[in-house]
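Encoded as structure tokens, the structure appears first; notes follow it.
The values are calculated or read from the model by the stated rules, or taken from the named source; none is laboratory data. Note that the coordinates shown come from a computational prediction; the quantities given were computed from them, not determined experimentally. Neighbour counts run over all protein chains shown; Cβ positions are idealised from the backbone, glycine included. When the accessible area is computed, the model is the full protein with side chains, heavy atoms only, and any ligands, DNA or RNA have been set aside. Shrake-Rupley method; radii C 1.70, N 1.55, O 1.52, S 1.80 Å.
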Amino acid sequence: MRFWLRNEEMALEEMVQRLNAVSQDTDEIMHQDIAPLCAADIEDQLKKQFAYLSGGRGQDGCPVITFPDYPAFSEIPEKEFQNVLTYLTSIPSLQDTGIGFILVIDRRQDKWTSVKASVLRIAASFPGNLQLVLVLRPTGFLQRTLSDIAFKFNRDEFKMKVPIIMLSSVPELQSYIDKTQLTEDLGGTLDYCHSRWLSHRTAIESFALMVKQTAQMLQSFGTELAETELPNDVQSTSSILSAHTEKKGKMKEDMMLALKEGHTILESIREPLAKNPEYNLNQDQLDNQTTVQRLLDQLGETEAAFDEFWAKHQQKLEQCLQLRNFEQNFREVKAILDVVSEKLSTFTDVGNSYAHVEHMLKDLASFEEKSNEAVEKARALSLEGNQLIQSKHYAVDSILPKCNELQNLCDEFTAEMGKRRDLLHQSLELHSLLEKSMKWCDEGIYLLASQPVDKCQSQDGAESALQEIEKFLDTGTRNKIQELNKVYKEYESILNPDLKEHVQKVFQKQESMEEMFQKRQVSLKKLAAKQTRPVQPVAPRPEAFTKSPCPSPGLRRGSENSSENNMRGKGNYRRAKSEMSDIQQSRSGSVMDDEENLAILRRHVMNELIETERAYVEELLCVLEGYAAEMDNPLMTHLISPALQNKKDVLFGNMEEIYHFHNRIFLRELENYIDYPELVGRCFLERMEDFQIYEKYCQNKPRSESLWRQCSDCLFFQECQKKLDHKLSLDSYLLKPVQRITKYQLLLKEMLKYSKNCEGAEDLQEALTSILGILKAVNDSMHLIAITGYDGNLNDLGKLLMQGSFSVWTDHKKGHAKVKDLARFKPMQRHLFLHEKAVLFCKKREENGEGYEKAPSYSYKQSLNMTSVGITENVKGDVKKFEIWYNAREEVYIIQAPTPEIKATWVNEIRKVLTSQLQACREASQHRALEQTQSLPLPASSNTSPSKNQTKNIKKLEERKMDPASLEGYVNSASVTKNPDKSKGWTKTSHSLDASEDNDGWSSTEEALNSSDAEEEGGAGPRKLVPGKYTVVADHDEKGGPEALAVKSGDIVELLHEGEEGLWFVKNLTTSKEGWVPASNLLALIGNSKSAQSLSSSESGTGSTFLSSSSSCSESCNATFSDIKG
């Protein structure tokens, strides 16, 4: 940098010296240093032409100044006279002026007195050297005579430094000056035009001034450029370079104009030669030509000096701009390298599973691919810097360290990336070994668990089991951890405390499993060895021995033999007793082994629960980051179709809320139970309310599915799937929450299966029941949101308890007979929704489309207030029918369920609602009665507290309910009268006039068989089946029959048609296979009628604790109803 500044200072100094020389030379050429007068300054005085420089020369080359005849010569002001003479004497070269001037004074037409005055004035004012003065005296006789006489007598007055010669004629003049050097008015041939001479002189002097000013301007501009301080940023440097270049261009334009002007003047001087090649330029013209040529040379020198300086200055600015660009790029690239290096430093995790490490390797590879762009950019910038150094840039001392730093950063990043990759590959190798060992242990545990104890009592069974064990143990050499210390040493670089603990647990599990195998081998070898004795083996249940061991049939037979065989019988008895003791010990050991196996199986289920939970959380995060977050990425906006704009909440629902719950809360709490798997039910129970978020997700699923089908071909989804390297499209991942919530109940069933005698069995059962309740609630809510045409708020009806499709007949007392008869034989298909406060009748309408777009909708038709409803549990002739009646049987609805089980579930649920409402009404009436006792006496028959008979009646209320009119009266009356001795149920109040005395009400089964209102079977046809997609909630193998279909939990199947005995013929959408599966193993994706019934019947039957029985009795039971329309 300093070297460059010194060079620039030297360049400026050199240019200034050269331009100063140009200015001086210009002044010298124009004699401005001697007589600083210009033609332009005295142009008017020169135009009077009382004296002129014709360009003629004397014999010695003396310049000739002619004073032509000028009548007003005496009137010329002295100042003008002096200026003209001074200017004319300054034009010839110094060499010519040094010889002296020849003055030709033409006074041929004048008088002697004026001649005398003129000569005296010239002699007194002439500023230059004189060599000779030639005077043409007057030509008139008188004036000539007078001049001769006067000149003789006045000679002393004309004394000058040079002689004055009086000439009488032009020929005499020509004897002193050659004819070719005299103008035509003096009889010569010299071509002279005063106006042309004046024009040339003005132009030459103007051009000389232009040359001088250009040199001075360039000098000033060069100083300005040299003193400009270099900026520190790209923009300012670029602006200065642009501004200086622009100014330089203007300077060059001015110089070009000056050059053009000089050549124009030169052409003007040479114009006579152009017209006449034989024309001879006079000396003054030649001097003018020389002057202009010298000025042009000076201008060229000026341009050359400036160009040389500008080249150096421009190079300096361009190199400065290169430096600033390099520095700016260096800062940007270094910042990017710092970011990627910092991000690389976060890749410290070595993973917690094989799949996790694989995912991390993919992330690392993706990160490396993205970061390679920054590394390559840094290397390219370093190469660019080296090229600047090789081009002899002035800032080598600044560029070189930055190039070295970039190279070092790239090398360090590449080395660190390789190190991270190697560590992850080591981790992948270790996790592969651990998972192989765990899988081997699991297979061994299942092998032990799958060996039936009874079959192992025989010699062949025991030997076969031993062979299985030995064959399995042989596979351990390539699957198990051989030496723990060797693993520690080999993978020391990646063994953090968590991973080391994991390795220890796997190794402990392996040792525990091997110990179990050793125990099993010992037991089997004993059993195999015992079979060589001639004793008939017995296989009673193990608990039989613990309660009362008894002799085997062989012993009994021995006791029945003759007396001669008694001794043998006693011997056999002793041997049998000894054998029995060994078998008991062996089986006691087997029971202990089974307990250990159950504990291992519980741990296996717990590990599966936690591992699948981790994978589920990771999949949710992958979807949220890889798809949902990318919808807000401005770089991806152009790929999003208009139909998808601002639809993120529709597509993903509340997936983010589900992710945060599982990631922050549920997964961490599950991990706390990893050593106590039998207690994990508590974890589910504590967080059961949080699982309600799945209801919101499932309710949004139809909208999400519809949006996906509309936009599945969007380039945005394809690009995201490519980046994530997913084999499945987004819709498969959007189904994960639905699959996960159904998976929990399967895992809880498995855990409960292996924990029946454990401390947490009750919690597991309650958790399973609650999860099933959530599944039912989710399924019910999917149907509930499909109801259309209901004017009120469904939330006001209380909790949805049941829903399903039924065949319905109506039998109303008030109505035309034909309508009643027609209704009796023609059922209507209705979908019923049982709430805490009302039951809704809707008509199911199928929609066209596929998948969720084929979801049914329900048109609202009728609703019954539960405070005015009664039921008849059984209808004669059909075990699937029951009655719901309204307003003292004015309206009767005969309901036929698809199966007796579904009917029983609905009847029980309705009974619970009615019982809870009746109890609430009773408590409210007692409260009012208690308040009245404070002011009015009560009748003797009134009773505010339950008696024994009252208690008996309350117990009977669990089986029957009387006509609703009496319930209404009960609610609105101030007190209640009862006759426990005569009434079967609740008696009617005094203002219940419309009730029928023979009304069944809520009757028992025995009463229903004798009911006169029972309807004959045959009115309803088979229920219409609704195809759709279902989720498998329980595994099913192919052992169920020749056409049975093997499915696994989580598979998606499509219902084709219904069979008998609860079997459905379905198509597995995963494998494209078809076959029969139990309907109870399926759950509708958004819930169609059959799957809903299956869920309501099978799941609620086993877990009814999720239902709420807190409905209250409404004080206003009046409602208007319309006839049910098909």
message: Residue under question is Leu434, and the condition is that it be in a helix (DSSP H, G or I), buried (at least 18 other Cβ atoms within 10 Å of the Cβ) and either at pLDDT below 85 or of a type in the set (Val, Ile, Thr) (or both); does it hold?
response: no
query: For Thr348, are the conditions met, namely being surrounded by fewer than 14 Cβ atoms within 10 Å (Cβ to Cβ) and either within 28 Å of the chain's Cα centre (by Cα) or in a helix (DSSP H, G or I) (or both)?
result: yes
- prompt: So which pairs qualify, if the first residue must be in the range 274-291 and hydrophobic (A, V, I, L, M, F, W, C), the second must be part of a loop (DSSP other than H, G, I, E, B), the Cβ gap must be under 6 Å, and the two must be at least 6 apart or on different chains?
  reply: none
- prompt: Within the range 755-770, which residues are at pLDDT below 90 and not small (Gly, Ala, Ser)?
  reply: Lys756, Asn757, Cys758, Glu759
- prompt: Looking at Val1026, Val1047, which one is at pLDDT 70 or above and either under 41 Å from the mean Cα position of the chain (by Cα) or open to solvent by less than 80 Å² (accessible area, probe 1.4 Å) (or both)?
  reply: Val1047
- request: May I ask you to list the residues in the range 168-215 that are in a helix (DSSP H, G or I) and among the β-branched types (Val, Ile, Thr)?
  value: Val170, Thr180, Thr202, Ile204, Val211, Thr214
- line: A careful count of residues in the range 19-68 that are modelled with pLDDT under 70 and of a type in the set (Asp, Glu) gives 4
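Step by step: first the residues of the range 606-662, then only those that are β-branched (Val, Ile, Thr), farther than 16 Å from Tyr744 by Cβ and assigned to a helix (DSSP H, G or I), then the one that is farthest from the chain's Cα centre (by Cα). Which residue is that?
The extreme case among them is Val650.
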query: Within the group Leu598, Leu609, which residue is over 30 Å from Arg703 (Cβ atoms) and at pLDDT below 85?
result: Leu598
query: If we scan the range 477-485, do we find a residue that is closer than 28 Å to Lys500 by Cβ, assigned to a helix (DSSP H, G or I) and not polar (S, T, N, Q)?
result: yes
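Within the range 36-54, how many residues turn out to be open to solvent by less than 10 Å² (accessible area, probe 1.4 Å) and not β-branched (Val, Ile, Thr)?
Number satisfying all stated conditions: 7.
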- prompt: Conditions: (1) over 13 Å from Gln917 (Cβ atoms); (2) modelled with pLDDT under 90. Met866 meets all but one. Number of the miss?
  reply: (1)
field: Pick from the range 834-855, criterion modelled with pLDDT under 70 and not basic (Lys, Arg), ranking: most open to solvent (accessible area, probe 1.4 Å)
entry: Asn848
query: Filtering the range 603-631 down to residues that are without any contact (Cβ under 8 Å) to a residue 40 or more places away in the chain and among the hydrophobic types (A, V, I, L, M, F, W, C), which residue is least open to solvent (accessible area, probe 1.4 Å)?
result: Ala628
message: For Pro634, only one of the following conditions fails: (1) open to solvent by less than 30 Å² (accessible area, probe 1.4 Å); (2) modelled with pLDDT under 90; (3) more than 21 Å from Asn779 (Cα to Cα). What is its number?
response: (1)
query: Inside the range 1070-1085, can you point out the residues that are of a type in the set (A, V, I, L, M, F, W, C) and modelled with pLDDT of 85 or more?
result: Trp1076, Val1077
field: Residues of the range 861-887 that turn out to be open to solvent by 10 Å² or more (accessible area, probe 1.4 Å) and within 17 Å of Ala838 (Cα to Cα), as a count
entry: 4
query: In the range 437-450, how many are without any contact (Cβ under 8 Å) to a residue 40 or more places away in the chain and buried (at least 16 other Cβ atoms within 10 Å of the Cβ)?
result: 1
- prompt: Within the range 684-702, can one find any residue that is over 21 Å from Gly653 (Cβ atoms) and open to solvent by less than 30 Å² (accessible area, probe 1.4 Å)?
  reply: yes
task: Give the range 62-101 a look and list any residue that's among the hydrophobic types (A, V, I, L, M, F, W, C) and out of contact with any helix residue (DSSP H, G or I) (no Cβ under 9 Å at 6 or more places or on another chain), or say none.
output: Ala72, Leu94, Ile99
- request: Collect the residues in the range 236-251 that are within 19 Å of Gln213 (Cα to Cα), touching a residue at least 40 places away in the same chain (Cβ under 8 Å) and either open to solvent by less than 40 Å² (accessible area, probe 1.4 Å) or more than 60 Å from the chain's Cα centre (by Cα) (or both), keeping them in residue-number order.
  value: Met251
field: Identity of the residue in the range 1059-1069, open to solvent by 20 Å² or more (accessible area, probe 1.4 Å) and modelled with pLDDT of 80 or more, that ends up farthest from Tyr744 (Cα to Cα)
entry: Phe1065
